[in-house]
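The values are calculated or read from the model by the stated rules, or taken from the named source; none is laboratory data. Since the model is a prediction, treat every value here as computed from it, not as a measurement. We place every Cβ from the backbone using ideal geometry, glycine too, and count neighbours over all the protein chains shown.
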Amino acid sequence: MTTTFMTTDTDIVIFGGAGDLSFRKLVPALYMAHIHDKLPKPARIVGIGRQAWSREEYLAFIDQHSPAFIEKESFTAHDWQEFLQRLVYVSLDVTKASDYTRLKEACTPNGLQVFYLATAPSLFTQICANLSGAGLINAQSRVVLEKPLGVDLASARSINADVAKYFDEQQIYRIDHYLGKETVQNLMVLRFGNAIFEPLWRAPNIKSIQITVAESVGVGSRAGFYDGAGAMRDMIQNHLLQLLCIVAMEPPISLHADDVRDEKLKVLRSLRKMDLNDIKRDTVRGQYTAGASEGVAVKGYKEEDNVPATSRTETFVALRAHIDNARWANVPFFLRTGKRMQKRQSEIIIEFADQPFSIFGKTPNQQPNRLIISLQPEESIQLEMMVKEPGSGMHLHPVKLGLDLQQSSDKRRAEAYERLLMDVIKGRLTHFMRRDELEAAWTWVDPILAGWKELDEKPREYSAGSWGPAASSALMARENLMWFEET
Ligand code: BG6
């Protein structure tokens, strides 16, 4: 393997270096960047952990856990061994200031340090303070903050204020890996790189918008975190609201980070605040019970490891949101996410308005045009159009005009974490959240969480392997709409 460019010596310092995120996502992403010559040649990866390991023991841990998360076609023993040469390990108690001298010794003098905080957010402040105390922060250092950033607006504000004591906003990369997904970035190109959609992309031409991120997996081994968070904090506050922003924002004046983030911020600020009545009417919380996932019997949420039998944490949320601005007046946005749903399926459905008048009379198949943007597992864009059914009468039926994004280019499609990590190294902030953006998202979410607390209702049950509680379909049915898979 030859490396085609050199840059400043770079240390990617991962706090939580032996954690789940690290061995499942970050190390595999960095390996992919390494084999595709995207990682600067002198870049080293400094894993930080509490375990009193030697470098060899850390490497053995990574060697045991990470390869399973690397696609088979890209894995060779030779490349892997070469990649492992980049890894070093520093055993350190993140709360102990004196331990940071060991990190300082491990970092390249005058190098570019990227500090990736893949730990509980409650440790962020202390880590930043200790990095600063050890003289590890300079004008070119960068810090990456993993989600969830806080549990509500107050805690997010306080973390942001603390981190800002040590890093300028331009040095802070608040990561939401959905913004690194190829299809999500493609959504901007679909909207702003094609002349045909933009004039129609507004009220009254659009009847409704659905955003679904359905997962077939359950909570797995993450109950310790998840039971205190729930689907609202884990998914809606970040991933789904970011998708909503990209669908709904005005065209930014450029792709410069602040131009894009200014437009996303306006969307978040235009989200209509929900009062208790809205919350009762327009939100659904669910929790999965035992059922079958992809043909295999699975436990209910309350039976999962480390979940209290009395847990009221939601594993599903569906809600109706409104954006109060000129473009989106009266267009409902339906957001839905859940664990243990029938299948892994993330998609955005733009349902265009009904035709004002049909010359074909009442034909049962007549339906509005829909643009179906599938994010995962398949990446595709389909436009549902009405055509004539072959035969004598003028009967209509819908067909799909499809664009298979996987087939559209033979160029490699990097995974979200790889793309975002390379953005950090290159200093590109466009696909990261700015402080005010994150706080605006919490500003909208907080009253809903508070409303749920006040209502004090149990989440509605849904069987694992279904599409969520019946109330979720009812939310749509009230407006004569249906979730896409029900149509
Ligand atoms: C994470 C959530 O941010 O996103 C997880 O914490 C969730 O609960 C995951 O499973 C989903 O990501 P993806 O890329 O698999 O859709």
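Below is a table of values for the structure above.
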| read-out | value |
| --- | --- |
| Output for the stretch 112-136, where each listed residue is surrounded by 19 or more Cβ atoms within 10 Å (Cβ to Cβ), more than 18 Å from the chain's Cα centre (by Cα) and not in a helix (DSSP H, G or I) | Leu112, Gln113, Val114, Phe115, Leu136 |
| Residue match in the stretch 384-397 (condition: under 30 Å from Pro40 (Cβ atoms) and surrounded by 18 or more Cβ atoms within 10 Å (Cβ to Cβ)) | no |
| Helices (runs of 4 or more DSSP H) contained entirely in the stretch 199-293, each with at least 3 residues that are within 12 Å of the ligand (Cβ to nearest atom) | 223-231 |
| Qualifying residue in the stretch 178-185 (condition: more than 17 Å from the chain's Cα centre (by Cα), within 16 Å of the ligand (Cβ to nearest atom) and in the same structural domain as Arg327 (by TED's automatic domain parsing)) | no |
| Given (1) at pLDDT below 95; (2) within 16 Å of the ligand (Cβ to nearest atom); (3) surrounded by 13 or more Cβ atoms within 10 Å (Cβ to Cβ), number of the condition Pro377 does not satisfy | (3) |
| Exclusive hit being more than 30 Å from Thr289 (Cα to Cα) and either of a type in the set (D, E, K, R) or touching a strand residue (DSSP E or B) at 6+ places or on another chain (Cβ under 6 Å) (or both), set Lys453, Lys411, Lys458 | Lys411 |
| Number of positions in the stretch 141-176 that are outside any helix (DSSP H, G or I), of a type in the set (S, T, N, Q) and in contact (Cβ under 8 Å) with a residue 60 or more places away in the chain | 0 |
| Residue within the stretch 46-61 that is in contact with a helix residue (DSSP H, G or I) (Cβ under 6 Å, 6 or more places away or on another chain) and farther than 21 Å from Phe225 by Cβ present | yes |
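Here is a yes/no grid of residues against (1) without any contact (Cβ under 8 Å) to a residue 60 or more places away in the chain; (2) within 30 Å of Ile35 (Cα to Cα); (3) of a type outside the set (Gly, Ala, Ser); (4) touching a Phe, Trp or Tyr at 6+ places or on another chain (Cβ under 8 Å):
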| residue | (1), (2), (3), (4) |
| --- | --- |
| Gly402 | yes, no, no, no |
| Asp446 | no, no, yes, no |
| Gly451 | no, no, no, no |
| Glu457 | no, no, yes, no |
| Leu475 | no, no, yes, yes |
| Glu486 | yes, no, yes, yes |
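Residues checked against (1) surrounded by fewer than 18 Cβ atoms within 10 Å (Cβ to Cβ); (2) without any contact (Cβ under 8 Å) to a residue 12 or more places away in the chain; (3) within 15 Å of Asn205 (Cβ to Cβ); (4) not small (Gly, Ala, Ser):
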{"residue": "Val331", "(1), (2), (3), (4)": "no, no, yes, yes"}
{"residue": "Thr337", "(1), (2), (3), (4)": "no, no, no, yes"}
{"residue": "Gln345", "(1), (2), (3), (4)": "no, no, no, yes"}
{"residue": "Ile348", "(1), (2), (3), (4)": "no, no, no, yes"}
{"residue": "Phe357", "(1), (2), (3), (4)": "yes, yes, no, yes"}
{"residue": "Lys362", "(1), (2), (3), (4)": "yes, yes, no, yes"}
{"residue": "Pro368", "(1), (2), (3), (4)": "yes, no, yes, yes"}
{"residue": "Leu371", "(1), (2), (3), (4)": "no, no, yes, yes"}
